[in-house]
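To start, the structure itself, in structure tokens.
The values are calculated or read from the model by the stated rules, or taken from the named source; none is laboratory data. Computed from a prediction, not measured in an experiment: that's the story for all the values here. Cβ: placed from backbone, ideal geometry, glycine included. Neighbour counts: every protein chain shown. To get the accessible areas, we keep the full protein, side chains included, count just its heavy atoms, and leave off ligands, DNA and RNA. Shrake-Rupley method; radii C 1.70, N 1.55, O 1.52, S 1.80 Å.
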Amino acid sequence: MITLKSQQEIELMRRAGKITAAARALAGEMVTPGVTTQEIDKAVFRFIKSQGATPSFLHYHGYPASVCVSVNDEIIHGIPGKRVLREGDIVSIDVGAFKDGFHGDCAATFPCGRISSEAQRLIAVTRQSFFEGLRFAREGYRVPDISRAVQTYVEQNGFSVVREYVGHGVGRAMHEDPEVPNYVESRQRPRLLRGMTIAVEPMVNAGGAGSYVLPDGWTVKTADGSLSAHYENTILITDGEPELLTLPEPGE
Ligand code: MF3
Ligand code: CO
């Protein structure tokens, strides 16, 4: 069931979104050589708590941390730990915050020090594919219009979109209807209506689209070992321009 949010609910979504975006920015600034992924997780946990919110991911289906930190060929759901970030890594940060009954959800991939030009291009194409999709995130279009725009842009640039994981509605639950795939296939073609809040989140591999889950039950990696990037914002559908509820900082 797709829920439409009232003005009051939208205001609460804005607050949750703002905290979530600030947590992403904080995590992104910490992406530097020598930092461990669990140091980022700890800082984000403290920040979210300091805002009177709770980390949406912590204990979600047993997930053990407040952020997902996915490095290089890890696509999503990397569990923070003792891993030390190194110059040249690309680091996907995914974070959610829950405040006054509503979730925000966002992600971005950050460079650790100097990275290869191909890695830079992957990050830029992934981010831009989100904004290509965003052009269709308004009343009058349908979910697959977003999906098509993301997929077309990614594939024109020689990369592939991950199929096994998709964007989603977000609100009182972190994952609500509708699904928002980054490719076109589904028989379902939900209409976009004002008051819908959705997370659009392209996951883009430099090589093939295939993925597999590590024995830890969470970490998703590219099947061919190629690099992967992720970019996500929670957005509000209106009758005009969509509103970014997890507004990125300049450079994100
Ligand atoms: N942020 C992810 C999403 O976009 C969900 C994270 S799964 C969790 O849907 F277990 F880490 F919470
Ligand atoms: Co999401």
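Data for the structure
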item	result
Count of residues meeting criterion [under 17 Å from Ile198 (Cα atoms) and either over 21 Å from the mean Cα position of the chain (by Cα) or open to solvent by 50 Å² or more (accessible area, probe 1.4 Å) (or both)] in segment 13-52	3
Segments classed as strands (runs of 3 or more DSSP E), wholly inside segment 210-252, with at least 3 members that are crowded, with 17+ Cβ neighbours inside 10 Å	220-222, 228-230, 233-236
All positions within segment 193-235 that are within 16 Å of ligand 2 (Cβ to nearest atom) and under 17 Å from Val125 (Cα atoms)	Val200, Glu201, Pro202, Met203, Val204, Ser228, Ala229, His230, Tyr231, Glu232, Asn233
Pairs where the first residue, in segment 194-207, is in a loop (DSSP other than H, G, I, E, B) and the second is basic (Lys, Arg) and more than 16 Å from ligand 2 (Cβ to nearest atom), C-beta under 8 Å, 6+ apart	Gly195/Lys5; Met196/Lys5
Selection from segment 121-153 of residues that are of a type in the set (S, T, N, Q) and in contact (Cβ under 8 Å) with a residue 24 or more places away in the chain	Thr126, Gln128, Ser129, Ser147, Gln151
Enumeration of residues in segment 115-133 that are assigned to a helix (DSSP H, G or I) and more than 16 Å from ligand 1 (Cβ to nearest atom)	Ser117, Glu118, Ala119, Gln120, Arg121, Leu122, Ile123, Ala124, Val125, Gln128, Phe131, Glu132
Residue in segment 154-162 that is touching a residue at least 60 places away in the same chain (Cβ under 8 Å), more than 14 Å from ligand 2 (Cβ to nearest atom) and not in a loop (DSSP other than H, G, I, E, B) present	no
Filtered residues of segment 52-70 (kept if in contact with a Gly (Cβ under 6 Å, 6 or more places away or on another chain) and closer than 15 Å to Gly17 by Cα)	Ser56, Phe57
Subset of segment 87-101 that is within 15 Å of ligand 1 (Cβ to nearest atom) and open to solvent by 10 Å² or more (accessible area, probe 1.4 Å) - its residue that is farthest from Leu12 (Cα to Cα)	Asp94
Residue among Gly169, Gly140 that alone is out of contact with any helix residue (DSSP H, G or I) (no Cβ under 6 Å at 6 or more places or on another chain) and more than 16 Å from ligand 2 (Cβ to nearest atom)	Gly140
Leading residue by the ranking (farthest from ligand 1 (Cβ to nearest atom)) among those in segment 102-114 that are open to solvent by 10 Å² or more (accessible area, probe 1.4 Å) and part of a strand (DSSP E or B)	Pro111
Those residues of segment 163-191 which are touching a residue at least 60 places away in the same chain (Cβ under 8 Å), out of contact with any His (no Cβ under 9 Å at 6 or more places or on another chain) and within 16 Å of ligand 1 (Cβ to nearest atom), in sequence order	Gly167
Number of the exception - Met174 against (1) open to solvent by 60 Å² or more (accessible area, probe 1.4 Å); (2) assigned to a loop (DSSP other than H, G, I, E, B); (3) in contact with a strand residue (DSSP E or B) (Cβ under 8 Å, 6 or more places away or on another chain)	(1)
